[in-house]
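The values are calculated or read from the model by the stated rules, or taken from the named source; none is laboratory data. Given the structure is predicted, the values throughout are model-derived calculations rather than measurements. Cβ placement follows ideal geometry from the backbone for every residue including glycine, while neighbour counts extend to all protein chains displayed. Accessible surface areas use protein heavy atoms only, side chains included; no ligands, DNA or RNA. Shrake-Rupley method; radii C 1.70, N 1.55, O 1.52, S 1.80 Å.
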Amino acid sequence: MFITFEGPDGSGKTTQVAQVAAALRARGYNVLLTREPGGTSIGDQIRHILHDMDNKTLHPRAELLLFSASRAQIVEEVIKPHLALGGLVICDRFFDSTYAYQGYGHGLDRDVLRLITEFATGGLRPDLTLLLDIAPEESLQRRLSAVASGEEWTRLDDMAMAFHRRVREGYHVLAAAEPARWLTINAAQPVERVQADIVAALEPRLPVPQKLA
Ligand code: TMP
């Protein structure tokens, strides 16, 4: 099973995915937790280019291709092999981030995005996608406190509030278009409440745990 987590920066996604992965491992699932961009040595190098505040002139089309290159690599090197062994993959962001950020955020042509995404993934799609939904004003406050505690402020954090509003609206459109795949969680709640909601939403959809071959 392939589960992805999506949401704006500052939605608490990274903390939540780590806790979900630990909870599922404790129940006997062979969980591989990974993230985009990154998740491979090549992907991590691409991630650095994408986050770097010195790269403010990166064109949205170049940005799209870098995210897609990182995706092509993680699909082949990490995700497909684990799925082939019967494992469960959890990915912190996947192609829906491209539709939300490069599509709704930057306004790139959606048909082109679909074509490039299909090419990058070889047609692989998540079975389930959880959206950690939060207003951009609140997620910005959270990012600012995280940065005050030492986290990196990235090139994408630095986009205007209007961009982040379009990203959130984009996520809502994507989730509404495929209700069987998406589950929306209110990420503005306290961390423990969000985690409890995620586990409750996942529970009825999980397969029986399998041992890796
Ligand atoms: P994160 O890994 O800390 O969430 O940072 C990744 C950033 O890249 C985040 O701002 C979302 C953005 N992003 C895109 O714009 N398009 C994509 O396809 C992906 C995977 C991420």
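Residues that are under 25 Å from Leu144 (Cα atoms) and either part of a loop (DSSP other than H, G, I, E, B) or away from the ligand (no atom under 11 Å from the Cβ) (or both) within the range 1-26 comprise Gly7, Pro8, Asp9, Gly10, Ser11, Gly12, Thr15, Gln16, Ala18, Gln19, Val20, listed in sequence order.
In the range 60-75, the residue that is nearest to the ligand (Cβ to nearest atom) out of those that are hydrophobic (A, V, I, L, M, F, W, C) and surrounded by 20 or more Cβ atoms within 10 Å (Cβ to Cβ) is Phe67.
Please count how many residues of the range 5-25 are among the aliphatic types (A, V, I, L, M) and surrounded by 23 or more Cβ atoms within 10 Å (Cβ to Cβ). Walk me through it before giving the result.
Initially, the range 5-25 is screened for residues among the aliphatic types (A, V, I, L, M), giving 17-18, 20-24.
Subset that is surrounded by 23 or more Cβ atoms within 10 Å (Cβ to Cβ): 17.
Count: 1.
Starting from residues that are surrounded by 17 or more Cβ atoms within 10 Å (Cβ to Cβ) and acidic (Asp, Glu), keep the ones in the range 76-108 and report whichever is nearest to Ala120 (Cα to Cα). Residue satisfying both the conditions and the ranking: Asp96. Name every residue in the range 27-52 that is open to solvent by 50 Å² or more (accessible area, probe 1.4 Å), modelled with pLDDT of 95 or more and more than 10 Å from the ligand (Cβ to nearest atom), in order of residue number. Once the filter is applied, which keeps residues that are open to solvent by 50 Å² or more (accessible area, probe 1.4 Å), modelled with pLDDT of 95 or more and more than 10 Å from the ligand (Cβ to nearest atom), the range 27-52 yields Leu33, Ser41, Ile42, Asp44, Gln45, His48, Ile49. Exactly one residue out of Thr154, Thr184 is under 20 Å from Leu24 (Cα atoms), in contact with a His (Cβ under 9 Å, 6 or more places away or on another chain) and not basic (Lys, Arg), and it is Thr184. Within the range 64-72, does at least one residue satisfy the condition of being outside any helix (DSSP H, G or I) and under 26 Å from Ala175 (Cα atoms)? No, the conditions are met nowhere in the range 64-72. Residues of the range 198-207 include none that is open to solvent by 70 Å² or more (accessible area, probe 1.4 Å), of a type in the set (A, V, I, L, M) and either modelled with pLDDT of 95 or more or over 16 Å from the mean Cα position of the chain (by Cα) (or both). Screening Glu152 against (1) farther than 15 Å from Thr14 by Cα; (2) at pLDDT below 95; (3) among the charged types (D, E, K, R) leaves a single unmet condition, (1). Considering each residue of the range 147-155 in turn, none proves to be closer than 23 Å to Glu63 by Cα and crowded, with 21+ Cβ neighbours inside 10 Å.
Of the residues Arg166, Arg142, which is open to solvent by 30 Å² or more (accessible area, probe 1.4 Å), over 17 Å from Leu108 (Cβ atoms) and basic (Lys, Arg)?
Values: Arg166 fails: over 17 Å from Leu108 (Cβ atoms).
The match here is Arg142.
Among the residues making up the range 105-124, those that are touching a residue at least 24 places away in the same chain (Cβ under 8 Å) and within 16 Å of Arg181 (Cβ to Cβ) are Thr117, Thr121, Leu124. For the range 136-157, check the following and say yes or no: at least one residue is within 15 Å of the ligand (Cβ to nearest atom), in contact with a strand residue (DSSP E or B) (Cβ under 7 Å, 6 or more places away or on another chain) and in contact (Cβ under 8 Å) with a residue 12 or more places away in the chain. No, because not a single residue in the range 136-157 is within 15 Å of the ligand (Cβ to nearest atom), in contact with a strand residue (DSSP E or B) (Cβ under 7 Å, 6 or more places away or on another chain) and in contact (Cβ under 8 Å) with a residue 12 or more places away in the chain.
Give the residues of the range 25-42 that are under 14 Å from the mean Cα position of the chain (by Cα) and small (Gly, Ala, Ser), sorted by residue number. Outline the logic, then answer.
Applying the first criterion (under 14 Å from the mean Cα position of the chain (by Cα)) to the range 25-42 yields 33-39.
Passing the criteria: Gly38, Gly39.
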